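Note sheet for the following structure.
The values are calculated or read from the model by the stated rules, or taken from the named source; none is laboratory data. Computed from a prediction, not measured in an experiment: that's the story for all the values here. Counting neighbours? That spans all protein chains shown, and the Cβs are built from the backbone with ideal geometry, glycine included.
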Amino acid sequence: MSRLIAAALFALATTSVFAQSPDTYRQAFDAIQQAVAEGDSTSFADWVSYPIEVVADGEPMVVGDAGEFAGHYAAIVTPEIAGAIADQSFNELFVNAEGAMFGDGQVWMSEICLDDACSDSEVKIITIQSTAE
């Protein structure tokens, strides 16, 4: 099954759905996991696409930049979310046209266009959410 998912990631990453190479996704994946493992709020915040809607301390909020995110890191990246990131295997990422998913959907990363033609893009976190009931 993990080979199928890895093959799907490679296939999607080499088509028009994802312009970035699988290596670019791997770099983002590794850096995000490392930031969580080290509790490095600044490094993690650098991988987020802004503005982003999140829930912090049970309240919805819109975070506008990396500095603001780093300041709320502990309230946003809860143990559930950190665990989903830490426990995720790159070869078992769920991938679709929206991006690549950590855990059960707690975190999604995708390509973000840097120009109107989307000729330049980068991989960023686009969703952070609890999936707990």
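Details
- Residue list for segment 95-111, filter: buried (at least 19 other Cβ atoms within 10 Å of the Cβ) and farther than 17 Å from T131 by Cα: V95, G99, S110, E111
- Qualifying residue in segment 31-43 (condition: among the acidic types (D, E), at pLDDT below 95, in contact with a helix residue (DSSP H, G or I) (Cβ under 8 Å, 6 or more places away or on another chain) and surrounded by fewer than 17 Cβ atoms within 10 Å (Cβ to Cβ)): no
- Number of positions in segment 96-133 that are within 12 Å of the chain's Cα centre (by Cα) and of a type in the set (A, V, I, L, M, F, W, C): 11
- Qualifying residue in segment 79-94 (condition: of a type in the set (D, E, K, R), free of Cβ contacts under 8 Å to residues at least 24 places away in the same chain, part of a loop (DSSP other than H, G, I, E, B) and surrounded by fewer than 16 Cβ atoms within 10 Å (Cβ to Cβ)): no
- Filtered by the rule that a residue be more than 11 Å from A86 (Cα to Cα) and either without any contact (Cβ under 8 Å) to a residue 12 or more places away in the chain or not hydrophobic (A, V, I, L, M, F, W, C) (or both), segment 21-37 gives S21, P22, D23, T24, Y25, R26, Q27.
- Within segment 47-71, being in a helix (DSSP H, G or I) and over 22 Å from S110 (Cβ atoms) holds for G67, G71.
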